Every structure is written in structure tokens, then in C-alpha cells.
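What follows is a set of notes on a single structure, which appears directly below.
The values are calculated or read from the model by the stated rules, or taken from the named source; none is laboratory data. Predicted model, so just to flag it, every value in this text is computed and none were measured. Note: ideal-geometry Cβ built from the backbone for every residue, glycine included; neighbour counts use all protein chains shown. Keep in mind that these areas ignore ligands, DNA and RNA; they rest on the heavy atoms of the full protein, side chains included. Shrake-Rupley method; radii C 1.70, N 1.55, O 1.52, S 1.80 Å.
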Amino acid sequence: MKKRQNVTIKGTKDGLVLLLDDLCSYDELKRELDLKLSANTRTEDERHLISVKLEAGNRYLTEEQREELKELVRQKKNLVVDTIVSNVLTKEEADRLRAENEVVTVSKIVRSGQVLKVSGDLLLIGDVNPGGTVVAGGNIFVMGALKGIAHAGCFGNNQAVIAASNMRPSQIRIHDSLHPAQDFVPAEDKHEMECAYIDENRQIKIDRLQALIKIRPNLTRLEGGH
Amino acid sequence: MGEAIVITSGKGGVGKTTTSANIGTALALQGKKVCLVDTDIGLRNLDVVMGLENRIIYDLVDVVDGRCKIHQALVKDKRFDGLLYLLPAAQTVDKSAVTSEQMKKLMEELKQDYDYIIIDCPAGIEQGYKNAVAGADKAIVVTTPEVSAVRDADRIIGLLEKEKHMEPPKLIVNRIRNHMMKTGDMLDLDEITEHLSIGLIGIVADDDEVIRASNHGEPIALNPNSKASIAYRNIARRILGESIPLQPLEEANKGMFSKLKKFFGVR
């Protein structure tokens, strides 16, 4: 019986895909990958780089192993690794991903001197008083009055938005942009149901809440339904 | 078993000491056995406001360091026939002379003998504040209708809410000047209570008599004719569990009265 191949090369219209078997040992895989790519010499005359996608299946690859495989492929003439795909995540990565995609509901008043930080979206049932700070990796939704500082997308997400029932912040930050409160806000301005986002000119804009439906349609998480 | 109530504010100069002295006095007038504790070590002045300065022999630091017994350090107020005592703060050392653990133990001992222990907290949020709060069961936050005082009160309320052994704090708005509130030059009561969102236990109007009485070492609560005195007596009765509507700031103004009544309803 012929031994099963550990490395299968497939050509697609986006480039080469290398299917790596997930049952053999890592060393065996490396050896075979090296062998397969060395044998294939016919593209020697084409000098432009061909991008390669590695599919590791159910094998977990550490950061070092990923680097090693990239290096191995790069040494072979004109191939370059574009992406490495694996079905396996470590628990920490999974927890981090879940935390970043979670809406955290908090019911309290964030008072002066207090900092409330979450890695996902924040849904605050209460106020942010002057001197208080809320920070989120994702969006911030304040059901009460936002009178302190709000910082959304703190890990570098400039699509993040901030919305509040009563928008009177002392400062708004989204990713690395900053929007200090206007010096003269007429007292009669209600600032009810407003949102803040970064527009195409990388400026923080404040608009009525309903504007978000057009500007950030991907806020909708509902799948299916009508 | 008594109850220890800390009077705090964060900001200095809003009337913590005056409030402590007057609530203590008013509770004693109601026949309760009260001990006032000054925790502003190094900057004591509750004794001055109470007019008991000359009779201090030992102080709080002497007690926690074991140089004397509690009853030796307590100064009895002769106006109250054994109902009101003061445990003065030390003047020669600073706040680091006492630890939170020592204060807790001291409060436990005092609670055996007194109905109410009123703790006068120093300004700030450092060791002095931590000591004052350590042994307390309840807290009253004093603020004035100024933005800076309300901001600091907010900070203190945030810290108090983290103290799991305590009930949610109550608020006193002190030094209210009615004419300034009406013209909008001062924060009005609605704004303050909405912002801080804790229960209001009393409001005290700004009254020259308060300063005069303090300087004479006689708490204003002893004088039944002053408006501020009635306010403090009402606070004491609310502490005792009675339900008393807030004093109207201006009798003639029906609008304001109904507004205040609405407040009380919310509380």
C-alpha cells in the first residue's frame, strides 16, 4: 500500500495551497515539505513571487513553528507564505477572541476617579460622571448620561462607536483619535440619543444615534430573523 | 450594640466638623448616648467647635497605643448629663500613627457602650480617610452646592461603595444659599442629587449663626431658634428612623416646597 502523502500541493486561482497532514509528526512534516518543494524545479525561469497558503488542518502550530515553516518555504526559490490556516486555537486565544466579541453589561455609576475597562463592547446601565472613565476594546453604549471620558476601540479598532442617551462627555476617544468637549455648549442643547464615530477624514464626528444604521451597518449581530 | 457613622466629604472646608458636632449634639438632645470621635489626627478641631478643648487629657493615639484606657481619654460634655462624649484626636503626631485595624478595634469597643458613634473624617482620601471609614457602619457625605465639592463627593461615594461592610452612603447638602440657587449661580438640589444619585438625608442653609456658635464652642444645634439648628435636629431624627420632610428653603414659595416634597418622595 502506498504511504499517504503528508504534504499535498494544490493549485488554485489565488495561488498554491499546501495541505499539511495533521496526523504525522511535525519533524516528518517538515522533512517532507522540504523534499516536495525541492523536487519541484520547473518554475525556475519565472521570477515573480508566488504566494502560498498553508493549511495545517487540526494541527496546532506554535509561533516558532509558524516562523520555521515560513522560512522553509521562503528558501525555495520564488515561493512566499501568505497565510497559515489552522483549525486549532489555544484556550487563551479563544478566551481573548470571545472577550473581544462579547458585550459586557455593567450596571453601576462610574464615579469620579473610577475607571471601567472591558475588552469587548460595553453596555453601561448607569451614568459616567465627570472624572470617571470608561474604556472598551469595542463599542461603548451608555444607557444613562455620559459626562466623563469614554475611550472606544482602545486596542486599535477605529470602527468602534460610542453612543449615549445623554451625550455630554468631557472627552471622547476612539482608537487614537481625540475629541475634547466644545468649550461653549449651549445649555438648551439636549444632546439626547447621540453617537460618536470616526469619519473618512479620521475625525471624530458626533451625530444623532440613527446615523449609525447607515455608517456602521456591521453593528448588527442578528443572524437570520426578519 | 451601637452604630458608627462616619461624616466625610473628600473636599476640605465643606463643614464636616460642624456637621459632626451638630449631629452628635442633636442625637444627644434626643436622649441617645453619643460619642464623637475626631480622626483628623494632627489637625484636630472638633474639640474646639464643641468647646471642650481645655479639658483634653489623653487622646485617640494614646488609647490605641495603650497609654490609657478609653474612658480616661473620653471628654464628657457637661451640658448633656452623661449623654455626649468626645474622643479627641492627637495634635502632636500625624495620620500614620494609627492603623485601620486599630480603628476597627476601637470602634468595636465604643459600640458596646454608645448608641451612636459619630466619626469626623479628615479631608482627602489617604490614610486618615481609610482609618475613619474602617470601623464605620454607615456614612454621611457632606457637600456644598459647588462643582468642586460635588466632584469630590462623587469620588468619595465611589470609594465608599467599594466598602462592603457599609450601607450605601447618605447625602447632606450644606451651606445652601437660596438666592444663588434661584438665580442659577449655584447648583440646585435637583442637579446635585441626580448627579450623585444617593439618598438625601438633609439640607442645611448657609447661616451666619453657625459660624458664630462654632467660634463660641457651642454647636448651633443647642439653639432652638436657628434655621440651621432645626436642619441638624431633623437630620438626627432621620438617622433615628423618623420620616420628616425636608425643610423648605423659603416658606413663602410654594413651588419650591412641592419640589422638595417630590425629593423626599423619591428618597
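Per-residue shielding of B:189-202, expressed as the average number of other chain Cβ atoms within 10 Å of the residue Cβ, stands at 1. Note on the protein assembly as shown: dipole from Cβ charges, positive end direction compared against A:178, A:101, A:222; the farthest Cα belongs to A:222. As a rough guide to protection, the peptides B:64-72, A:155-163, B:145-153 ranked by mean Cβ packing within 10 Å, highest first, stand as B:145-153, A:155-163, B:64-72.
Calculated FRET efficiency, residue B:105 to residue B:146, Cβ-Cβ distance, R0 = 41 Å: about 0.65 to the nearest 0.05.
For the stretch A:94-219, the dipole from Cβ point charges (+1 on Lys and Arg, -1 on Asp and Glu) about the Cα centre works out to 200 debye, to the nearest 20.
Dipole magnitude for the protein assembly as shown: computed about the Cα centre from +1 point charges on Lys and Arg Cβ and -1 point charges on Asp and Glu Cβ, it is near 780 debye. Comparing B:244, A:58, A:159 along the charge dipole axis of the protein assembly as shown, the residue lying farthest to the positive side is A:58, per the Cβ-charge model. Hydrophobic long helices, here whole DSSP H runs in chain B with Kyte-Doolittle means of at least 0.0 and Cα atoms spread over 20 Å or more along the helix axis, are found at B:147-162. Rolling a 1.4 Å probe over the protein heavy atoms gives the protein assembly as shown an accessible area of 51 Å² per residue. Pair-distance distribution P(r) for chain B, from all Cα-Cα distances in 10 Å bins starting at 0: 7, 33, 37, 18, 4, 0 percent. Charge tally for residue A:104 (other residues, Cβ to Cβ under 13 Å; Lys, Arg +1; Asp, Glu -1): 0. Take each residue in B:149-158, count the other chain C-beta atoms within 10 Å of its C-beta, and the mean is 5.
Residue-normalised convex hull volume from the C-alpha trace of chain A: 205 Å³ per residue.
Which translational diffusion coefficient, to the nearest whole µm²/s, is obtained for the stretch B:65-191 from the Stokes-Einstein equation, given a Kirkwood hydrodynamic radius over C-alpha pairs, 4 °C and 1.567 mPa s? Once the numbers are plugged in, D ends up at 77 µm²/s. 3J(HN,Hα) along the stretch A:102-114: 8, 9, 9, 9, 10, 10, 6, 9, 7, 8, 3, x, 9 Hz, from the Karplus curve 6.51 cos²θ - 1.76 cosθ + 1.60 with θ = phi - 60°, whole Hz, x for Gly and Pro.
Counted over all Cα-Cα pairs of the stretch A:82-144, pairs farther apart than 16 Å make up 52 percent. Computed about the Cα centre, the dipole magnitude for chain A is approximately 340 debye when only Lys and Arg (+1) and Asp and Glu (-1) carry charge, each at its Cβ. Evaluated at q = 0.19 Å⁻¹, the base-10 log of the normalised Debye intensity for the stretch A:7-85, with identical point scatterers placed on the Cα atoms, takes the values -0.78. In summary, the convex hull built on the alpha carbon positions of the stretch A:94-219 has an orientation-averaged projected area of 7.5 nm².
Gyration tensor over the Cα atoms of the protein assembly as shown: the corresponding equivalent ellipsoid has semi-axes (square roots of 5 times the eigenvalues, largest first) of 67, 29, 17 Å.
Seen from residue A:94, the other residues with C-beta closer than 14 Å to its C-beta sum to a net charge of -2, counting Lys and Arg as +1 and Asp and Glu as -1.
Amide H contacts of residue B:186 (H built 1.01 Å from N, in plane; Pro and chain starts excluded): B:181 sit under 5 Å, all sequence-distant by 5 or more or on other chains.
Entry note, the protein assembly as shown: the mean residue ellipticity at 222 nm calculated from DSSP H runs of n ≥ 4, each adding -39500 (n - 2.57), is -9000 deg cm²/dmol after division by the residues and rounding to the nearest 500.
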